[in-house]
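This report concerns only the one structure given below.
The values are calculated or read from the model by the stated rules, or taken from the named source; none is laboratory data. Only a predicted model underlies this, so the values are computations on that prediction, with no experimental measurement involved. Glycine gets a Cβ as well: all are built from the backbone with ideal geometry, and neighbour counts include every protein chain shown. Ligands, DNA and RNA are excluded from the accessible area calculation, which covers all protein heavy atoms including side chains. Shrake-Rupley method; radii C 1.70, N 1.55, O 1.52, S 1.80 Å.
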Amino acid sequence: MKIYIANTGGVMGMMPSDKGLVPNDAFAGQLAAQLQTADLDHDFVVESYDNLMAGANVTPKDWQNIARDIESKWEDFDAFIVLHGTDSMAYTAAALFYMIAPSKKPIIVTGSQVPMSQARSDAMNNVLGAISACEAALKGVFLFFGNRLIDGDRAHQSHIGTWQAFRSVNALEYGVLESDWKWRDSSFAQLLIKPPMKIRIPNMEYGAVTILPVFPGVQALHWQGLLNDKVKGAVLLSYGAGTVPENDQALLEVLKSAVDQGVVIVKVSQCGSGRVADNDHKDTSGLAKTGVISGKDMTYEAVFARLHFLIGLGLDSREIKGVFNR
């Protein structure tokens, strides 16, 4: 098997210095050398990007660059591993999930909590786990971290101080790696007729999507500042099953005004799991009347990435709502 490993940045490939953690220029070579001595019967190509990105600095433009890199090497490799900073890893996994769908080869996004250069690091465990997932001949985009393999559109960073920093939201992990793999029962999924794979990498506009937080005392002014003229989509981070303070008419007017101007606003729950209520013709709540649509049981990272993707494809608000309402 030929496996391409792209080091896009993040803690894994860094090293300590008197200025704190800095990129390790020798990381790609060091990782390749370690893999050669790991008794793995594969051909590896490890490349570091010229401009390494800390997870906190990643933008939708970087999702495009990663996807284009994979696309340019698609015919030359059997599997792909993307090394990435943890801060925005779930967003990138979701974006790749939508841009390369349904992937006919394994694409595994991973990283580490501690640099590979340090003695007590989770880096090699995550790299070797990602390789093991590739060996299983999976098809799709996944995030692997702390022995958990998660569907690319289901991952959420839930911890900062443990090896298992990510969890799968509203779905079982695709696989759990212990002494051997324990796979989710996918017998039914194997029977589904999947559409042909499409690689679609749209030009994603910077600032086209925002997140609207709901919190006690939220005011219309808070959201007005986020819904500027560049915004075409928004993730409404609602309470529980999809509620907002409906006794504040000004808040609802902000949402309705934005929707009327073509902004697609998708509500998701700020709870750790669960599903927000679907909007239907029987729903007469104030929020339903604004035109905000339901994100169902999606993570906010996945909705954020999906909105960027659909807007980048040039779909209008009606078409985007149709995709979410399927």
Checklist outcome for this item: Along region 126-135, Karplus-curve 3J(HN,Hα) (6.51, -1.76, 1.60; θ = phi - 60°) to the nearest Hz, with x for Gly and Pro, reads 6, 5, 5, x, 5, 5, 4, 5, 4, 5
Checklist entry - Rounded to a whole number, what % of the accessible area of the chain do carbon and sulfur atoms account for, probe 1.4 Å? => result 50 percent
Item to check | Table column - 3J(HN,Hα) (Hz), region 45-59, Karplus curve with 6.51, -1.76, 1.60, x for Gly and Pro | outcome: 10, 10, 10, 9, 5, 4, 10, 6, 10, 5, x, 6, 9, 5, 10
Next on the checklist: Principal axis extents for region 95-254, Cα atoms only, whole Å, descending order, please.
Outcome noted: 55, 43, 31
Item to check | Cβ crowding within 10 Å averaged over residues, with 158-165, 16-23 ranked highest first | outcome: 158-165, 16-23
Item to check | Over region 53-125: Rg over Rh, Cα atoms, Kirkwood Rh | outcome: 0.99
Checklist outcome for this item: Placing +1 on each Lys and Arg Cβ and -1 on each Asp and Glu Cβ in region 1-117, then taking the dipole about the Cα centre, the residue among Ile3, Leu40, Thr110 whose Cα reaches farthest towards the positive end is Thr110
Item to check | Solvent accessible area, Å² - Met124, 1.4 Å probe, full protein context | outcome: 40 Å²
Checklist outcome for this item: Measure of exposure for Arg148: accessible area at 1.4 Å probe, Å² rounded to 10, is 50 Å²
Checklist entry - Which one, [x] 20.6, 65; [y] 23.4, 98; [z] 22.6, 68, gives Rg and Dmax of the Cα atoms in Å as derived from the coordinates shown? => result [x]
Next on the checklist: How much accessible area per residue does the chain have, counting only protein heavy atoms and a probe of 1.4 Å, in square angstrom?
Outcome noted: 47 Å²
Checklist entry - Ordered by packing density, taken as the mean number of other Cβ atoms within 10 Å over each peptide's residues, highest first, how do 49-61, 234-246 rank? => result 234-246, 49-61
Item to check | Distance between modelled label sites at Asp78 and Ala38, nm, 7 Å Cα→Cβ extension | outcome: 1.6 nm
Item to check | Inter-site label distance for Ala241 and His222 at 7 Å from Cα along Cβ, in nm | outcome: 2.3 nm
Item to check | DSSP-defined beta bridges in the chain - what % are antiparallel, rounded to 5 | outcome: 35 percent
Checklist entry - Under a 5 Å amide H to amide H cut-off, with H placed in plane at 1.01 Å, what residues pair with Ala277 once short-range neighbours are removed? => result Gly242
Next on the checklist: Suppose only helical runs count, i.e. DSSP H with n ≥ 4. What mean residue ellipticity at 222 nm does that imply for the chain under -39500 (n - 2.57) per run, divided by all residues and rounded to the nearest 500 deg cm²/dmol?
Outcome noted: -8500 deg cm²/dmol
Next on the checklist: List the residues, sorted by chain then number, that are 5 or more residues from Tyr174 or on another chain and whose placed amide H is less than 5 Å from its amide H.
Outcome noted: Leu149, Ile150, Asp151
Checklist entry - In what sequence, largest accessible area first, do Lys105, Lys267, Lys232 appear using a 1.4 Å probe? => result Lys232, Lys105, Lys267
Next on the checklist: Rounded to the nearest 20 debye, what is the charge dipole size of region 159-249 about its Cα centre when +1 sits on each Lys and Arg Cβ and -1 on each Asp and Glu Cβ?
Outcome noted: 380 debye
